[in-house]
Amino acid sequence: TTHIHPDTEEAMVIVEGTLEAILGDEVVTLGPGDTVLAPAGIKHGFVNRTQSKATVVAAFPKTSFERVMVD
C-alpha cells in the first residue's frame, strides 16, 4: 500500500524475496539486503509481483508517527 509519513522518515530493509519499491515517482526492484529510505512526506510502498514470500523490516526514528494512505 502506498502511503506517506508527513512527520518522519522510514527506513526499510528487504529481508526476503523480491519487491518493487515505490519511492516518489520512482519504481525499482529490490531483493534481500537492499535498503530504502523514504524521507518524510514522500509517498512509498512495495508491490510483490512474484508468488514468493517477501519480508521487510521497517524502522522509524521516533515512537509515534502518522501514516496517510495515498493512491
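Before I look further, what does the chain give for accessible area per residue, probe 1.4 Å, in whole square angstrom?
On the way: 4460 Å² over 71 residues.
On a per-residue basis, the chain sits at 63 Å².
Please report the accessible area of Glu20 (heavy atoms, 1.4 Å probe, ligands and nucleic acids excluded) in Å², nearest 10.
We get 50 Å² for Glu20.
Among the trypsin sites (Lys or Arg not before Pro) within the range 13-71, which fall in a DSSP loop and have no more than 12 other Cβ atoms within 10 Å of their own Cβ? Kindly include the intermediate steps, with their values, before the conclusion.
Details: sites: Lys43, Arg49, Lys53, Lys62, Arg67; in loops: Lys43, Arg49, Lys53, Lys62, Arg67.
Passing sites in the range 13-71 are Arg49, Lys53, Lys62, Arg67.
In what sequence, largest accessible area first, do Thr55, Thr35, Thr63, Thr18 appear using a 1.4 Å probe? Don't jump to the answer; show the numbers that get you there.
Details: Thr55 40, Thr35 90, Thr63 145, Thr18 65 Å².
These residues rank, largest area first, as Thr63, Thr35, Thr18, Thr55.
What do you reckon, how do Leu30, Leu37 stack up by accessible area (1.4 Å probe), largest on top?
Greatest to least solvent exposure: Leu37, Leu30.
What is the sum of charges around Val68, taking Lys and Arg as +1, Asp and Glu as -1, for the other residues whose C-beta is under 12 Å from the C-beta of Val68?
Numbers: positive: Lys43, Arg67; negative: Asp7, Glu66, Asp71.
With Lys, Arg at +1 and Asp, Glu at -1, the net is -1.
For the chain, what relative contact order do you get, as a whole percent, if you take Cα pairs closer than 8 Å and at least 6 residues apart?
The value is 48 percent.
The values are calculated or read from the model by the stated rules, or taken from the named source; none is laboratory data. Keep in mind that what you see is a predicted model, and the values were worked out from it rather than measured. Every residue, glycine among them, receives a Cβ derived from its backbone with ideal geometry; neighbour counts consider all protein chains shown. Accessible surface areas use protein heavy atoms only, side chains included; no ligands, DNA or RNA. Shrake-Rupley method; radii C 1.70, N 1.55, O 1.52, S 1.80 Å.
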